[in-house]
Amino acid sequence: HGVQGEGVMAVAKHFAYNEQETDRFNQSSDVDDRTAWELYYPPFEATVEAGVASVMCSYNRVNGTHACENESLLRRDLKGRLGFRGFVMSDWWALHAPASDRGVDQEMPGIPQDDPEPWLSHNRLEASEGTSPSERHLEPALRILAAMHRLRLTERPSCTPGRGCSEALRSNQRSPQHDALAREAAASSVVLLKNSGVLPLPEAGGTSTLALIGGALSAESLWGQDPVHRMMPAKDYYMGGGSGHCGVLPEQLVTPLTALTQRAERSGWKVSASPSNNLTEALAAAQGADVAIVVVAASSIETLDRDTLTLDDGADELINALRKEGRRTIVLVQAPGTFLSPWRDTVDAVAALFLGGEQTGSAWADVVFGDRSPAGKLPIMLPKSASSTIDPSDEPSAVYSEGVFTSYRAKDAPSQSAFPFGHGLSYTVFAYGTVTRTPSEACPAPAVLCVRIDVRNAGSRSGSEVAQAYVAFPQQDDAPRLVLRGFHRTAELRPGDSEVVVFSFSAATFPSTDMGIGSFSTQSPFTSAPRARICAAPWRGSLCEAARMAAGRRTSRRRACAYNLLPSMGWMSGAAYRGSS
């Protein structure tokens with residue numbers, strides 16, 4: 001399935017704690033075991049369980065030792081406890097020693113500048129202490145070859161990059177199907193944060209005027225090196241800058257200006273546009289308009305952390321000036337991550353798209369005019385102010401002293417959130433049924449508990465919902481109140497249609513807070529006479545039902561509720577910290 005089903009190895013990265021770009025080659029991320037296993041390891045654990053072929057180790061140090069040479073990180077945790085059976089590759093220039101005995105299996109280009117010989121060469125391994133080069137090459141070779149054979153790469157037509165692959169790598173694989181998929185992916189990722197009823201825009205019949213404003217409306221997709229940071233490919237508002245950047249040709253890029261104008265005219269709107277953040281030009285374009293759409297943005301680039309969470313080019317002043325004119329205002333934000341929205345309470349609608357690629361304009365048009373209902377949910381928390389975030393550290397070590405109390409898990413979560421983690425509105429309404437426990441025989445291993453809930457489209461438009469499952473423990477100083485443990489996007493449901501959503505919880509869902517150094521354990525959340533509630537929408541007591549459950553060893557005196565929260569609740573929030581997802 002997926003990319004590996006097509007004979008392309010997937011790589012999970014960067015392992016681990018590569019949470020800042022500042023001094024990324026030397027800075028040490030100092031993280032305790034509990035925080036690692038409860039917060040930062042689960043995404044990698046999911047890729048291991050899905051059969052990912054490779055994991056890339058990161059530039060930074062982990063508890064003092066470079067990640068790609070960290071035996072505890074790679075051998076003990078990744079290959080040992082997580083059970084990863086693929087191979088570990090280094091990032092470029094991330095290896096500083098012949099460390100194949102510590103868990104790294106493959107060295108990417110970026111050899112030492114003062115010595116052109118790779119760290120994992122036979123000569124370097126021979127010169128190092130310990131086992132012989134042949135023994136130290138054995139496990140890496142076996143892991144790499146095993147991944148190749150598992151994906152049947154030896155049976156597929158292929159070529160070696162740099163040796164006759166240029167034509168294949170540069171070939172044009174564009175097709176109408178690929179264009180449609182790019183549009184679908186972008187549109188389904190739009191997160192509607194606020195809507196006072198102005199969206200979707202209705203048919204206008206030629207009597208209403210729509211003002212399109214903002215420099216991001218017609219921003220280009222950039223090619224070449226970034227003018228400020230010349231080591232890296234340029235950044236733009238469609239994809240991040242850096243080694244993963246891929247510029248889009250002008251004839252392939254669908255800008256917001258093009259798509260919104262065309263779609264508005266089809267609906268009978270007159271369009272007045274000012275594709276810049278110039279206040280004078282913006283106010284002139286908005287003069288007499290019934291609705292103003294402001295497209296604003298921020299960008300980021302590899303190797304540098306963003307200087308500010310404020311949107312680019314005076315966006316806040318632009319939005320405030322337009323809103324003071326008294327017309328209905330819709331703000332569309334294109335951003336690489338979290339951003340500040342000091343104007344959020346004064347505008348009529350806000351939507352966010354996190355780097356939507358070449359079909360960004362089409363995605364905005366599809367959602368703004370109601371061709372599809374928005375279904376995205378925030379994968380991060382959007383803070384009220386920058387004071388709710390943790391700045392990148394300039395110190396040699398960045399101590400993750402906040403532990404697991406990040407985002408919606410933070411103690412001060414309700415007071416710090418502008419828009420909470422998991423939030424996202426729709427043009428329709430979804431009704432959640434009662435959570436019920438699935439019989440144990442129908443619960444797939446290694447799950448110890450499965451629950452099901454009916455999600456029904458109770459509105460008048462078709463739409464898709466992302467149901468989210470949270471485990472909630474009684475309020476304690478050493479544990480977050482809520483922890484996300486599952487999510488599921490339904491099919492596109494027509495009005496009246498429903499879908500049964502099933503969530504499975506393994507023993508790891510209920511981690512122990514009694515952590516030993518270098519160890520991690522899980523415990524059952526149920527007492528010897530368990531009585532826990534499985535709740536959908538916990539603020540509605542009538543939807544909760546008591547259920548007797550028993551699971552695993554009854555060694556914990558905690559009781560737990562598995563919650564399915566409607567993501568629009570403002571109290572489910574937190575600070576935009578490291579690990580904000």
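The values are calculated or read from the model by the stated rules, or taken from the named source; none is laboratory data. Here the structure is a predicted model, which is why all the values come from computation and not from measurement. With ideal geometry, Cβ positions are generated from the backbone for all residues, glycine too; neighbour counts draw on all protein chains shown. Ligands, DNA and RNA are stripped out before the accessible areas are found, and what is left, the full protein with its side chains, is counted by its heavy atoms. Shrake-Rupley method; radii C 1.70, N 1.55, O 1.52, S 1.80 Å.
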Looking at the range 388-483, what strands (runs of 3 or more DSSP E) fall wholly within it and have at least 2 residues that are closer than 30 Å to N26 by Cβ and of a type outside the set (S, T, N, Q)? 397-399
From A36, A94, which residue is open to solvent by less than 20 Å² (accessible area, probe 1.4 Å) and touching a helix residue (DSSP H, G or I) at 6+ places or on another chain (Cβ under 7 Å)? A94
Name the pairs: first residue in the range 135-154 and within 9 Å of D105 (Cα to Cα), second residue surrounded by fewer than 19 Cβ atoms within 10 Å (Cβ to Cβ) and polar (S, T, N, Q), Cβ to Cβ under 9 Å, at least 6 apart or on different chains? P140/Q106; R143/Q106; I144/Q106
Determine if the range 54-69 includes at least one residue that is closer than 22 Å to L138 by Cα and modelled with pLDDT under 95. no
Would you check which residues across the range 202-247 are open to solvent by less than 40 Å² (accessible area, probe 1.4 Å), out of contact with any Lys or Arg (no Cβ under 9 Å at 6 or more places or on another chain) and at pLDDT 85 or above and list them? L212, I213, G214, G215, A216, L217, A219, S221, D236, Y238, M239
Only one of (1) in a loop (DSSP other than H, G, I, E, B); (2) touching a helix residue (DSSP H, G or I) at 6+ places or on another chain (Cβ under 8 Å) does not apply to E358, and that is (1)
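Go over the candidates G247, G242 one by one and state the one that is within 30 Å of D91 (Cβ to Cβ), of a type outside the set (A, V, I, L, M) and free of Cβ contacts under 8 Å to residues at least 40 places away in the same chain.
Values: G242 fails: free of Cβ contacts under 8 Å to residues at least 40 places away in the same chain.
Answer to the check: G247.
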Determine whether E167 is acidic (D, E) and modelled with pLDDT of 95 or more. no
Per the list (1) at pLDDT 95 or above; (2) assigned to a loop (DSSP other than H, G, I, E, B), residue check on M108 breaks on (1)
Residue under evaluation P538, criteria (1) modelled with pLDDT under 90; (2) closer than 26 Å to T35 by Cα, criterion not met: (2)
Lone unmet requirement of (1) open to solvent by less than 50 Å² (accessible area, probe 1.4 Å); (2) more than 30 Å from Y238 (Cβ to Cβ); (3) modelled with pLDDT of 95 or more for R85: (1)
Residues of the range 309-333 being assigned to a loop (DSSP other than H, G, I, E, B) and of a type in the set (A, V, I, L, M, F, W, C), which ones? L309, L311
Six or more apart or on different chains, Cβ under 6 Å: which pairs go from a residue in the range 403-428 that's closer than 15 Å to I390 by Cα to one that's β-branched (V, I, T) and surrounded by fewer than 23 Cβ atoms within 10 Å (Cβ to Cβ)? Could you list them? G403/T35; V404/T35
Which members of the range 292-308 meet the condition of being open to solvent by less than 30 Å² (accessible area, probe 1.4 Å) and not in a loop (DSSP other than H, G, I, E, B)? A292, I293, V294, V295, V296, A297, I301
